[in-house]
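One structure below.
We did not get these values from a lab; they are worked out from the coordinates using the rules stated. These figures come from a predicted structure and were not determined experimentally. So basically every Cβ, Gly included, is an ideal-geometry build from the backbone, and we count neighbours across all protein chains shown.
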């Protein structure tokens, strides 16, 4: 799998986690998917060469 394909897969997973983070009535599930979305967002930033200080 090349880097573009890998990045596209992560972007799709990120979008799905974002959607799921607000779709459940259960707060725990929303928190879980929100955390997953945040982690995938950080991976995308690393892959795209963005850097977050702090």
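Would you mind stating whether residue 31 is without any contact (Cβ under 8 Å) to a residue 40 or more places away in the chain, more than 11 Å from the chain's Cα centre (by Cα) and surrounded by 12 or more Cβ atoms within 10 Å (Cβ to Cβ)?
On the way: without any contact (Cβ under 8 Å) to a residue 40 or more places away in the chain: yes; more than 11 Å from the chain's Cα centre (by Cα): yes; surrounded by 12 or more Cβ atoms within 10 Å (Cβ to Cβ): yes.
Spelling it out, residue 31 is indeed without any contact (Cβ under 8 Å) to a residue 40 or more places away in the chain, more than 11 Å from the chain's Cα centre (by Cα) and surrounded by 12 or more Cβ atoms within 10 Å (Cβ to Cβ).
Of the residues 16, 37, only one is on the phi < 0 side of the Ramachandran plot, in contact with a helix residue (DSSP H, G or I) (Cβ under 8 Å, 6 or more places away or on another chain) and assigned to a helix (DSSP H, G or I); which?
37
Just checking, how many residues over segment 42-51 are loosely packed, with under 14 Cβ neighbours inside 10 Å and either free of Cβ contacts under 8 Å to residues at least 40 places away in the same chain or on the phi > 0 side of the Ramachandran plot (or both)? Break it down into steps so the answer makes sense when it comes.
Taking segment 42-51 as the starting set, the residues that turn out to be loosely packed, with under 14 Cβ neighbours inside 10 Å are 42, 45-46, 48-51.
Among the residues that remain, those that are also either free of Cβ contacts under 8 Å to residues at least 40 places away in the same chain or on the phi > 0 side of the Ramachandran plot (or both) are: 42, 45-46, 49-51.
Going through segment 42-51 one residue at a time, the tally reaches 6.
Being free of Cβ contacts under 8 Å to residues at least 60 places away in the same chain and surrounded by 15 or more Cβ atoms within 10 Å (Cβ to Cβ), is that true of even one residue in segment 19-26?
Yes, because at least one residue in segment 19-26 is free of Cβ contacts under 8 Å to residues at least 60 places away in the same chain and surrounded by 15 or more Cβ atoms within 10 Å (Cβ to Cβ).
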